[in-house]
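Enquirer: There's a structure below that I have some questions on.
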Amino acid sequence: MRKKIVSFVGPPFSGKSTIIGRILVDLKQVGKRGIEDAQRDAQALGYRSYYPLLVNFELNERLSGHTLSIKFIDVTLREKKLLLLDTPGSIQGLTDVLTALIISDATVLVLNKSNEKLWAFYNCLLDLLRISQKIVISPEGNIVGENMKEIINFLSTTKERMRPKDIFRMPIIGTYGMGNVAYGVITRGEVRIGDEIILAPIYRAGTVSSIEQDQKPLERAIAGEDIGISFRGIGRQYIKRGYIVSALDRLPRKLKEAEIEAVWEGGELKEGISIIACIHSAQVSCKIVRKMNDKIILRFEREVCAEPYEMDAELGTILLRDHERPLCIGKILN
């Protein structure tokens, strides 16, 4: 079943998890015992609100006070299924932010508009990934008070964005089971049991042996659906986050070097420096080989899958960062 996918993005401590927790309570997606447990833990940890603890279950997240990795939360709103994505706000979580935006139909941006630099950063990212359905919530004041009616209305009125139907592609976001089931959202095309696929960038071929969604088996899945896939002919040791599951018709390109066009810069980029590149669900170290105005040549530490932006926006958008801040958003040219 195709669910509307809505991501919540913004800087750390802006209130993304708090909003999602309140949504779960308002839509009666959490039982009385779950609420009582969260309230008890919130009091013990000194939280002002128990709502974020309905989303962040891990101890290190509860102790740090913010989301450390992407979360997938299923909800039902007016008999329609939605998938809400809670994303980290830290610099180390930018790959998760990019992953979430690539697979989203719409975005709730929790951000103070007066922060012009961050405002330009997120707007550039949304524009490049062609996400036109968005709502901006200011984290100031009571974000789960006056904003909730507007947010619920936004969730109920957003539409599924059109996805290309030409060729099957799915970035792997994670694995589960015994590590032999790849989890992700199909960004284009469709897949059926028995289809021959290839795992890039290692270019290992196999056959789709099963497809499932919400622990239910499927015969076929289409673009926009969140699924788990297992394969025949590909060992579990090869199934990794950041790899692409693709049809054999047109193999995703594997790059060791790329030319990009910078469309947003948030820090000085110098030739010879080592930084981190985020591309779809992959993260890889790279070095700036050459910089010529807005054109940058990158050399990656290892091969990574990508496409020219004009051919595939999801695989052609790149985000560069160091350990402190985002440095650049760009389009992969060749």
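The values are calculated or read from the model by the stated rules, or taken from the named source; none is laboratory data. Fair warning: this is a prediction, and the values are worked out from it, not measured in the lab. Cβ coordinates were reconstructed from backbone atoms using ideal geometry, including for glycine residues, and neighbour counts include every protein chain displayed.
Enquirer: Mind checking which residues of the range 76-94 are at negative phi and surrounded by fewer than 18 Cβ atoms within 10 Å (Cβ to Cβ)?
Expert: If the condition is that a residue be at negative phi and surrounded by fewer than 18 Cβ atoms within 10 Å (Cβ to Cβ), then 76, 77, 80, 81, 90, 91, 92 are the ones that fit.
Enquirer: Residues 265, 324: which one is in contact with a Cys (Cβ under 7 Å, 6 or more places away or on another chain), at pLDDT below 95 and of a type in the set (Asp, Glu)?
Expert: On the way: 324 fails: in contact with a Cys (Cβ under 7 Å, 6 or more places away or on another chain).
Only one candidate qualifies: 265.
Enquirer: Just one of (1) more than 22 Å from residue 2 (Cβ to Cβ); (2) among the β-branched types (Val, Ile, Thr); (3) assigned to a helix (DSSP H, G or I) trips up residue 67, so point out which.
Expert: (3)
Enquirer: From the set of residues in the range 7-58 that are of a type in the set (A, V, I, L, M) and in a loop (DSSP other than H, G, I, E, B), which is nearest to residue 117 (Cα to Cα)?
Expert: Across the range 7-58, the extreme among qualifying residues is 55.
Enquirer: Does at least one position in the range 269-277 carry a residue that is under 19 Å from residue 171 (Cβ atoms) and of a type outside the set (Gly, Ala, Ser)?
Expert: Yes, there is a match, as at least one residue in the range 269-277 is under 19 Å from residue 171 (Cβ atoms) and of a type outside the set (Gly, Ala, Ser).
Enquirer: Condition (residue is in a loop (DSSP other than H, G, I, E, B) and buried (at least 18 other Cβ atoms within 10 Å of the Cβ)) applied to the range 112-128: is it met by at least one residue?
Expert: Checked against the condition, which is being in a loop (DSSP other than H, G, I, E, B) and buried (at least 18 other Cβ atoms within 10 Å of the Cβ), the range 112-128 yields no hits at all.
Enquirer: Of everything in the range 247-291, what is among the hydroxyl-bearing types (Ser, Thr, Tyr) and touching a Pro at 6+ places or on another chain (Cβ under 7 Å)? Give them in sequence order.
Expert: Within the range 247-291, 281 is the sole residue that qualifies.
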